[in-house]
1. Could you tell me which of rounded, prolate or oblate describes the range 154-194, using a ≥ b ≥ c as the square roots of the eigenvalues of the alpha-carbon gyration tensor, with rounded for a/c under 1.5 and, failing that, prolate when a/b is larger than b/c and oblate otherwise?
2. log₁₀ I(q)/I(0) of the chain at q = 0.11, 0.12, 0.19 Å⁻¹, via Debye over equal Cα point scatterers, no solvent, to two decimals?
3. Can you compute the modelled spin-label distance between D71 and V163, with each label point 7 Å from Cα toward Cβ, in nm?
4. Please label the shape of the range 118-194 as rounded, prolate or oblate, based on the square roots a ≥ b ≥ c of the eigenvalues of the alpha-carbon gyration tensor (a/c under 1.5 means rounded; beyond that, a/b larger than b/c means prolate, else oblate).
5. Sequence gap at least 6, Cα distance under 8 Å: using those rules, report the relative contact order of the range 69-155 to the nearest whole percent.
6. Give the percent of DSSP beta bridges with both residues in the chain that are antiparallel, rounded to the nearest 5.
7. As a test, work out the antiparallel percent of DSSP beta bridges whose residues both lie in the range 54-169, rounded to the nearest 5.
8. Quick check for you: with a 1.4 Å probe and neighbouring chains kept, what is the accessible area per residue of the range 149-193, in Å²?
Amino acid sequence: MDKYIKTYSEELNKLHIQARNLAREYSLLDYGDEKKKRAILEKMLGSIGKNVAIDQKFFCDFGKNIFIGNDVIIGSNCTFIDNEKITIGSCVMLAPNIQIYTAYHPILPEERYITNRAENAPIYFNTCADPVEIKNGAWIGGGVIILPGVTIGENSIVGAGSVVTRSIPDNCVAVGNPCKPIKFFDDIRKNNVG
């Protein structure tokens, strides 16, 4: 049972509700009201650096497990399931419709479903979680899905629509489902080919 994370307590439930309410409030703000947008993000997230632009329609589970560096752009309709830490470095671009998942469930049904729960308990399934890290200088294309335990390497590019099931090394272009490196920057520089 120790491998499962705690997914319900009064404290976690309050954090979850607060994050959802703040995300809704954020989405309803006047687009140009940078001061109010920043105040909400500071209240919702674990930390947020300077010059961070998060487009509206941003969703997260808890918020407090999300740590963002400086000079970051996050496009619209992004969803961060932050049961574990999500770390985004500096000088990172995230296109719209990106999904980052730290949570997953056991494969075996007898481990997945909680049978000895309290009556009317709101949680029915055991959950595990692994952190996700996006290193400095990365660029993540639209519609990318990043799964638990993944690290995106420094300066690397993940092509639109990719499903990232394993960590991506530094300084490369990676695409596909499952996402794999197809070009390394040193080779591109050496061959002077884009």
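The values are calculated or read from the model by the stated rules, or taken from the named source; none is laboratory data. Just so it is clear, the structure is predicted and the values come from calculations on it, not from any experiment. Cβ: placed from backbone, ideal geometry, glycine included. Neighbour counts: every protein chain shown. For the accessible areas, the whole protein counts, side chains as well, though only heavy atoms, and no ligand, DNA or RNA atoms are used. Shrake-Rupley method; radii C 1.70, N 1.55, O 1.52, S 1.80 Å.
1. Prolate, since a/c reaches 1.5 and a/b exceeds b/c.
2. Relative scattering, expressed as log10 I(q)/I(0), comes to -0.54, -0.63, -1.28.
3. The two pseudo-label positions are separated by 3.4 nm.
4. prolate
5. Worked out over the range 69-155, it gives 34 percent.
6. DSSP beta bridges in the chain are roughly 20 percent antiparallel.
7. Antiparallel: roughly 10 percent of the beta bridges in the range 54-169.
8. Here the per-residue accessible area is 57 Å².
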